[in-house]
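Before any comments, here is the structure.
The values are calculated or read from the model by the stated rules, or taken from the named source; none is laboratory data. Only a predicted model underlies this, so the values are computations on that prediction, with no experimental measurement involved. In this analysis, Cβ positions are derived from the backbone assuming ideal geometry, glycine residues included, and neighbour counts consider all displayed protein chains.
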Amino acid sequence: MRTPPSLLLAESESRHADAEWSRHALEVIQNDQRRSADTHLLRLDLPALVGIDLYLKDESTHPTGSLKHRLARSLFLFGICNGRIRGDTAIVEASSGSTAISEAYFARLLGLPFHAVMSAATSTEKIHEIERQAGTCHLVADGKGIYAAAEALAAELNGVYLDQFTYAERATDWRGNNNIAESIFEQMSREPHPVPAWIAMSAGTGGTTATIGRYIRYRRFATRLCVADPEYSAFFEAYADGNLQATCDRASRIEGIGRPRVEPSFVPNVIDRMMRVPDAVSLAAMRVLSRRLGRRVGGSTGTNFFALCVLASRMKAEGVQGSLVSLICDGGDRYGRTYYDDGWIAAQGFDLAPHERALEAFLAHGQKLG
Ligand SMILES: *Cc1c(COP(=O)(O)O)cnc(C)c1O
């Protein structure tokens, strides 16, 4: 009997040697997620703001202490499902610290070596956290050098550069799958004003604001997205002037947000408004909020909280009622030697007192801000 002629021109097969490992790795990450709870949406008690409700989603309660826990999980899932991360892959990342802490956690869970490339200005608390998770830290003098250094290290180790600044916006399922936006709207659903008038957030990779902005559009909510930028960052100029080549020569003093270049994950088209907040004002707001909550929050949470209060103050002035939501990005434990040290604040030339007074007056009596 003759074998029939092949109707194919050619055929090729790539044996995916690590299929079993990737099934195992996905299960490990999914089990870790199953053991985790969603983060709280805190409602602030502010009687002076009649009919205006402020909420903060507390991302500091993730196992690795910041909102980067979500991003790290997404980047590992993305890398494994794309076949880039395998059972013996060295993982490399460029980070200002928080992402590296969360990624070190997941790398350790999977038994993969992890290397963080960071600016030499990164706080010792963050470096210790990464080392505690068995990660290796590589410090470079110039913060702008972390991208190229991480790429070179990954090539040298034959590993994978996770590249949060490029992949944050696409590694997250922006239409749902319990992303941060879906969680916020679900947690708000039985509140007096279930659809927030505003969500305020700052940008590091820009990934969180991209997810929130896309989700708002996808679900056709009337919510507007306000992005707050610190003093030294390229994002504001990119948004206000449409200049995606904008750069900023000085390193941001608010850890986690503000970048020297416009990161690929920053999506200006889904942002309704941007504000630039002076660093001293961010740190004053951080301290005011920490006193209200009875525990310390990080600097970027101060930036977020101030933007939230400015929006609320304007709503009050216009006689508009509604809800506003922002994020506690991380706790203040990592900043004991900087933002919470009066000597450090004075050495920076910051005078926080007048800003703290203005914010306290707004929160206590509804006195107009700014
Ligand atoms: C990363 C980060 C942000 C900003 O989040 P992105 O999604 O990267 O824009 C804010 N605060 C802290 C502490 C962060 O680590």
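Annotations
- Any chance S300 is within 19 Å of V227 (Cα to Cα) and away from the ligand (no atom under 14 Å from the Cβ): no
- When region 178-196 is filtered for residues that are buried (at least 20 other Cβ atoms within 10 Å of the Cβ) and touching a residue at least 60 places away in the same chain (Cβ under 8 Å), the ones remaining, listed by number, are I180, I184, M188, P196.
- Set side by side, the residues D58, D45, D88, D53 differ, and just one is surrounded by 11 or more Cβ atoms within 10 Å (Cβ to Cβ), more than 15 Å from the ligand (Cβ to nearest atom), on the phi < 0 side of the Ramachandran plot and outside the structural domain of G159 (by TED's automatic domain parsing), which is D53.
- Condition broken by E255, with the remaining ones in (1) buried (at least 21 other Cβ atoms within 10 Å of the Cβ); (2) modelled with pLDDT of 95 or more satisfied: (2)
- Residues in region 293-319 that are in contact with a Phe, Trp or Tyr (Cβ under 7 Å, 6 or more places away or on another chain) and farther than 28 Å from S96 by Cα: L311, S313.
- H128 vs. criteria over 22 Å from R261 (Cα atoms) and exposed (fewer than 14 other Cβ atoms within 10 Å of the Cβ): yes
- Against the test of being in a helix (DSSP H, G or I) and within 14 Å of the ligand (Cβ to nearest atom), the options M274, M286 yield a single qualifying residue, M286.
- Residue check for L26: closer than 20 Å to R108 by Cα, at pLDDT 95 or above and either touching a Phe, Trp or Tyr at 6+ places or on another chain (Cβ under 8 Å) or not assigned by TED's automatic domain parsing to the domain that holds G111 (or both): yes
- Screening region 146-261 for helices (runs of 4 or more DSSP H) wholly inside it with 3 or more residues that are of a type in the set (S, T, N, Q) returns the ranges 207-218.
- Filtered by the rule that a residue be farther than 21 Å from D279 by Cα, under 18 Å from the mean Cα position of the chain (by Cα) and polar (S, T, N, Q), region 209-243 gives a lone residue, T211.
- When region 316-337 is filtered for residues that are within 16 Å of the ligand (Cβ to nearest atom) and either part of a helix (DSSP H, G or I) or of a type in the set (S, T, Y) (or both), the ones remaining, listed by number, are S326, D333, R334, Y335.
- The residues of region 345-365 that are outside any loop (DSSP other than H, G, I, E, B) and surrounded by 15 or more Cβ atoms within 10 Å (Cβ to Cβ), listed by number, are I345, H355, E356, A358, L359, E360, F362, L363.
- Looking only at residues of region 164-181 that are within 11 Å of the ligand (Cβ to nearest atom) and of a type in the set (V, I, T), we find that the one that is nearest to N82 (Cα to Cα) is T172.
- Filter result (within 10 Å of the ligand (Cβ to nearest atom) and either touching a Phe, Trp or Tyr at 6+ places or on another chain (Cβ under 6 Å) or modelled with pLDDT under 95 (or both)) within region 188-211: A203, T205, G206, T211
- Out of R175, R214, R220, sole residue that is at positive phi, charged (D, E, K, R), surrounded by fewer than 21 Cβ atoms within 10 Å (Cβ to Cβ) and modelled with pLDDT of 95 or more: R220
- Candidates in region 245-263 are the residues that are at negative phi and within 12 Å of the ligand (Cβ to nearest atom); of these, the one that is farthest from the chain's Cα centre (by Cα) is S252.
- Which numbered condition R295 fails, given (1) under 22 Å from the mean Cα position of the chain (by Cα); (2) assigned to a helix (DSSP H, G or I); (3) without any contact (Cβ under 8 Å) to a residue 40 or more places away in the chain: (2)
- Scanning region 212-221 for residues that are within 16 Å of the ligand (Cβ to nearest atom) and farther than 14 Å from R70 by Cβ yields G213, R214, I216.
- Note on region 269-292: residues that are more than 17 Å from F350 (Cβ to Cβ) and touching a residue at least 60 places away in the same chain (Cβ under 8 Å) amount to 3.
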